[in-house]
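Take a look at the structure set out below.
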Amino acid sequence: MKKVLAAAALCAVSAFAAWDKFPAIEDGKGEAKIGFAQWRQGDESDNGADFKIRYSPTKNFELISVWSGDAYGNPVLGMRFQIAPVFGFSFDFGVPIASTAASIKPGFQFSTPITEALVLGSSVDLTIYSKDPAFRDNYEFARGMDLAAGIELDVVFTPKSTIWLGFDMQTGITQSKYKGEEFGLKYSVHRPGGEKRGLLLEPSAGYLMSVGNLGLGTCVVFSFGEDSGNDPFTTTVALDASVKF
């Protein structure tokens with residue numbers, strides 16, 4: 001559970017902090033990013049890493065690939081459509097490689113400049129999982145649907161220096177099923193009674209510095225919610241590096 005939290009908390013710092021909360025990048029441009037995170041809850045700690053890449057083959061359209069991006073640890077392939085300057089639509093597919101269960105995630109994005117130095121971004125998405133026929137002892141498992149939403153405010157001091165503040169939430173909205181029977185909204189993946197999927201609340205803050213086509217970012221995330229496995233809370237510190245091409 002904690003490794004999943006750490007991976008989910010990796011800060012996606014690029015031109016802005018989160019790729020999915022702001023418009024698609026410019027036509028013909030791309031970006032690759034690698035991130036490292038360490039979480040701590042009380043006396044326990046662990047770490048994780050993530051890699052993602054995106055490319056815009058045409059105007060207002062972006063392709064994304066994320067290593068171990070869904071709740072099952074599957075790689076994710078995604079696409080984003082910029083319908084209007086302030087509004088976008090996304091669709092992700094979790095490829096069933098780490099697990100025999102796949103996932104799909106439709107999402108919406110809204111962003112707008114408030115002033116020349118302040119930019120607001122937001123997103124909401126719903127993740128739907130397929131059944132896992134090769135679960136423990138070959139009993140079928142089906143994770144319930146997850147709802148996530150987030151908002152972020154970027155303070156742009158210079159074109160090469162940005163501070164951002166964010167707040168994200170996630171929760172299960174339908175119950176998972178094991179052996180065809182529901183076993184509670186709080187629990188989900190790889191084992192019944194294992195990973196909790198109740199309400200997760202995550203305030204965060206980060207800093208981005210860019211030099212040419214290279215970017216360095218760092219952030220801290222505080223995860224709250226006993227029903228999501230954070231008792232009383234989990235602290236995640238992350239660092240990432242990116243290159244634009």
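Viscosity 1.306 mPa s, temperature 10 °C: Stokes-Einstein D of the stretch 82-126 from its Kirkwood Cα radius, in µm² per second?
Working: Rh = 12.4 Å.
Rounded to a whole number, D works out at 128 µm²/s.
Expressed as a whole percentage, what fraction of the accessible surface of the stretch 11-110 belongs to carbon and sulfur atoms when a 1.4 Å probe is rolled over the protein heavy atoms? Could you put the intermediate results ahead of the total?
Details: 3020 of 4740 Å².
Percent of accessible area from carbon and sulfur atoms in the stretch 11-110: 64.
Where in the stretch 31-62 does the label zone of V243 land, with the point 7 angstrom along Cα→C-beta and an amide N cut-off under 13 Å?
Counting backbone N atoms under 13 Å from the label point, the list is 31-34.
Testing the spin-label approximation: label points 7 Å from Cα along Cα→Cβ at F51 and K179. State their distance in nm.
Going by the 7 Å Cα→Cβ label model, 4.1 nm.
Using every pair of alpha-carbon atoms in the stretch 37-117, split the distances into 10 Å bins beginning at 0 and state the percent of pairs per bin, rounded to integers.
16, 33, 31, 17, 3
Kindly rank 207-216, 89-98, 68-77 from highest to lowest mean number of other beta carbons found within 10 Å of each residue.
Working: 207-216: 14.8, 89-98: 17.1, 68-77: 20.4.
Most protected by this proxy first, the peptides run 68-77, 89-98, 207-216.
Could you state the per residue volume, in Å³, of the convex hull enclosing the Cα atoms of the stretch 34-169? Write out the running numbers ahead of the final one.
Numbers: hull volume 20.8 nm³, N = 136.
Per residue, the Cα convex hull of the stretch 34-169 comes to 153 Å³.
How much accessible surface does K59 have with a 1.4 Å probe, in Å² rounded to 10?
150
The values are calculated or read from the model by the stated rules, or taken from the named source; none is laboratory data. Quick caveat, the model's predicted, so the values are computed rather than measured. Positions of Cβ are backbone-derived with ideal geometry, glycine not excepted, and every protein chain shown enters the neighbour counts. Protein only, heavy atoms only, side chains kept; ligands, DNA and RNA dropped before computing areas. Shrake-Rupley method; radii C 1.70, N 1.55, O 1.52, S 1.80 Å.
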